[in-house]
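Working notes, beginning with the structure itself.
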Amino acid sequence: MASADFTATHPATPAETHTRDLQARYELVTDLVLDLVVQFSPDWVLTYCSPAAYGLLGAAPEVLLGYSLYALIHPDDAGLLDEAHDSLRTIQAPLVLRLRWLRADGGEFYAETTLRAIYADGSLAGIVAFARDLRPHLALEQFVEHELELATERERIAFLTAFIRHVSHDFRTPLAIINSSMFFLRRELDEEQRAARATVVEAQVQRLNGFIEEINTIVHLNVPAWYHLVEVNVQQLASKTLLELDEPQRSRLHLAMPGVLPPISGDFTLLKFALLHLLQNALHHTDADTQITLSAVNHGAVVTLMVHDTGEGIAPEHLPHIFAYFFRGDQNRSTKTGMVGLGLPIVRKIIETHGGSVEVESTLEAGTTVALTLPIWRH
């Protein structure tokens with residue numbers, strides 16, 4: 001007696017028809033998606049693969065069925081899969097990994113891979129993965145990085161060009177003065193004249209040393225390991241800085257410090273350099289009978305040091321540019337005082353590296369106040 005063919009006579013149940021319809025729609029959608037869509041069993045065996053495999057993996061989807069995901073990714077990323085598998089069993093949210101997928105031709109590529117667990121009757125029934133090729137994104141990142149490197153290099157070259165131009169000019173002037181003074185020293189001059197010429201030479205040598213010190217400081221400011229942060233006593237910092245000035249200069253300075261100030265955090269040598277430059281700057285740009293005030297105040301977690309003078313002030317159009325390298329608003333004044341145009345930028349770099357800030361207020365013919373704000377020492 002022949003058996004009945006139930007597959008031919010028994011129609012599919014509504015649930016089976018619905019499932020097949022959903023599967024067909026799912027595959028239709030994934031067929032149109034450029035990203036790779038793959039479905040795995042709970043143990044990472046591939047059960048479905050979208051047509052994007054042709055382009056991304058270099059293989060037909062049907063050829064890949066039955067492969068383990070471990071065979072399709074770089075061995076170094078296997079640990080990520082192990083961790084992902086454990087996580088998918090315990091959390092409902094999707095996981096996003098950056099995996100290196102292997103191509104049939106031996107190549108590899110990075111893909112942002114989103115893994116989502118499929119549950120049935122409360123247990124893990126499968127895993128769906130969406131892999132988006134990151135090569136275009138990485139190529140853009142590399143392009144942007146390359147452009148940034150080029151821009152940085154162009155900026156560096158521009159800085160070096162300006163640096164060489166300005167420094168060459170500033171070195172040439174004192175060297176010319178030294179050369180002419182040496183010429184007269186070789187002539188038959190009396191002792192008083194020779195002493196005057198020697199004083200001129202010494203002054204220009206000190207000027208050159210100042211240039212070199214500024215250049216050396218700029219170089220070292222870009223090396224974080226060069227900093228030596230310690231607990232700095234503000235009163236001691238002010239006193240040590242004043243000792244760097246000669247007696248006539250010190251006589252023009254008024255120290256207005258409160259009796260008690262919390263210590264600040266900083267590199268003592270660099271902070272002294274910054275403060276000394278501000279004092280010398282004020283001395284250069286004020287008349288000999290003008291008094292300069294160095295004061296300090298504590299506001300919570302910071303201490304502010306202020307250098308105030310009642311000198312010629314800074315023109316409003318120059319004020320926004322005073323911290324630019326090589327900026328000199330008054331060329332005649334800068335040549336006379338020997339400023340190379342590096343001091344104020346160095347001061348700001350030092351203070352900002354210490355986590356502080358620099359503010360300048362100035363009025364023509366009324367004076368200038370420069371405020372250095374620095375964090376207090378934390379044990």
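Points to keep in mind about this one:
- Inter-centroid distance (Cα atoms) of the range 148-213 relative to the range 246-306, Å: 28
- Shape class of the range 136-226 from the Cα gyration tensor (axes a ≥ b ≥ c, square roots of the eigenvalues): prolate, since a/c reaches 1.5 or more and a/b is larger than b/c.
- Neighbourhood charge, 12 Å Cβ-Cβ cut-off, centred on Asn179 and excluding it, Lys, Arg +1 and Asp, Glu -1: +3
- Order by protection proxy (mean Cβ within 10 Å, highest first), peptides 296-305, 272-281: 272-281, 296-305
- For Leu102, the residues whose amide H sits under 5 Å from its own are Ile73, His74, ignoring neighbours fewer than 5 places away on the same chain, with H placed 1.01 Å from N.
- Karplus-derived HN-Hα couplings along the range 143-158 (A = 6.51, B = -1.76, C = 1.60, θ = phi - 60°), whole Hz, x at Gly and Pro: 5, 4, 4, 5, 5, 5, 4, 5, 5, 5, 5, 5, 5, 5, 5, 4
- Net charge of neighbours whose Cβ lies under 13 Å from the Cβ of Leu148, counting Lys and Arg as +1 and Asp and Glu as -1: -4
- Total formal charge among the other residues, if their Cβ is under 11 angstrom from that of Pro345, Lys/Arg +1 and Asp/Glu -1: 0
- Length gained on full extension, Asp105 to Leu185: 20.6 nm, using 0.36 nm per residue less the C-alpha separation.
- Residue by residue, the range 44-61 carries 3J(HN,Hα) couplings of 6, 8, 6, 10, 8, 9, 7, x, 4, 4, 4, x, 7, 9, x, 8, 6, x Hz when phi is fed to the Karplus relation 6.51 cos²θ - 1.76 cosθ + 1.60 (θ = phi - 60°); x denotes Gly or Pro.
- Going by neighbour counts of Cβ atoms within 10 Å, the residues Thr199, Thr241, Thr290 line up, fewest first, as Thr199, Thr290, Thr241.
- Paramagnetic label zone (point 7 Å from Cα along Cα-to-C-beta, Thr114; backbone N under 20 Å) in the range 55-73: 56-57
- For Ile118, the residues whose amide H sits under 5 Å from its own are Ala125, Gly126, Ile127, Val128, ignoring neighbours fewer than 5 places away on the same chain, with H placed 1.01 Å from N.
- Site pair Glu155 and Glu365 shows an inter-label distance of 4.0 nm when each label is modelled 7 Å from Cα along Cα→Cβ.
- Pairwise alpha-carbon distances in the range 227-379 exceed 29 Å for 13% of all pairs.
- Each residue of the range 194-209 was assigned a 3J(HN,Hα) from its phi angle through the Karplus curve 6.51 cos²θ - 1.76 cosθ + 1.60 (θ = phi - 60°); the sequence is 5, 5, 5, 5, 5, 5, 4, 4, 4, 5, 6, 5, 4, 4, 5, 4 Hz, with glycine and proline shown as x.
- Added length on full extension, which subtracts the Cα-Cα distance from 0.36 nm per residue, Asp289 to Gln193: 31.7 nm
We did not get these values from a lab; they are worked out from the coordinates using the rules stated. Remember, predicted model here, so these are calculated numbers, not experimental data. Because the Cβ atoms are built from the backbone with ideal geometry, glycine has one as well, and the counts that use them run over all protein chains shown.
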